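Right, one structure below, let's go through it.
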Amino acid sequence: NHKVDENSLKLFKYTLKKDFGESTVLGLLTMKKVLLNYSSEFEKINLEIDRQEEILDAVGIERLARHLRKLNDVVEDFFDVLIKLEDREVREVNTSYVSYDYDVLRGKTRHLLDRIKSHMDQIAWLRDEIELKTTREVNKRLENLNFILKRLTALTLILMIPNIVASHFGMNFK
């Protein structure tokens, strides 16, 4: 339902006159728009990752990881479509007419995939940070519990001595 930008079509006025030129140009412009949408979705995820670095919310990070994995799958499928178009599996699209623009589109897609993969590594690092933080908290709790158990043991020993003496003298024997 989006109208094609007239200025974009003017850039391809000679290509439009060739066999399958219209479908090639419209396909390219559509693919550019799709990649732009994927890139904007990635930027939203990127901002959320930056926010998560500050708060380290495990549930939020897992949600982000799922979202990023799904985006990665979709962009990889998109890249596969670009390769199929270049291999002329869709005969109505001739990428050789727009080879420079097509190569740029493919390069931008590859760059987006690389950025997604690097952010997946960043999410793995965030998971490690959460695990480290949780381990520190558990260790503090264990130290506190150990301290309490030492005091209870000392108190038990102190109370046990009068109990032994009283039990010895309280026995019924001659």
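Numbers at a glance
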{"read-out": "Every residue from the stretch 114-162 that is over 23 Å from the mean Cα position of the chain (by Cα) and closer than 30 Å to LEU64 by Cα", "value": "ARG136, GLU137, VAL138, ASN139, LYS140, ARG141"}
{"read-out": "Residues of the stretch 128-159 that turn out to be open to solvent by 80 Å² or more (accessible area, probe 1.4 Å) and in contact (Cβ under 8 Å) with a residue 40 or more places away in the chain, as a count", "value": "1"}
{"read-out": "Condition met for VAL93 (buried (at least 16 other Cβ atoms within 10 Å of the Cβ) and not in a helix (DSSP H, G or I))", "value": "yes"}
{"read-out": "Test result for LYS150, in a helix (DSSP H, G or I) and closer than 18 Å to LYS44 by Cα", "value": "no"}
{"read-out": "Condition check for ALA124: at pLDDT 95 or above, in a helix (DSSP H, G or I), of a type outside the set (S, T, N, Q) and surrounded by 13 or more Cβ atoms within 10 Å (Cβ to Cβ)", "value": "no"}
{"read-out": "Selection within the stretch 25-62 - among the acidic types (Asp, Glu) and closer than 24 Å to PHE79 by Cβ", "value": "GLU41, GLU43, GLU48"}
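The values are calculated or read from the model by the stated rules, or taken from the named source; none is laboratory data. Just so you know, these numbers come straight off a predicted model, no measurement behind them. Note: ideal-geometry Cβ built from the backbone for every residue, glycine included; neighbour counts use all protein chains shown. Surface areas here come from the heavy atoms of the whole protein model, side chains and all, with no ligands, DNA or RNA. Shrake-Rupley method; radii C 1.70, N 1.55, O 1.52, S 1.80 Å.
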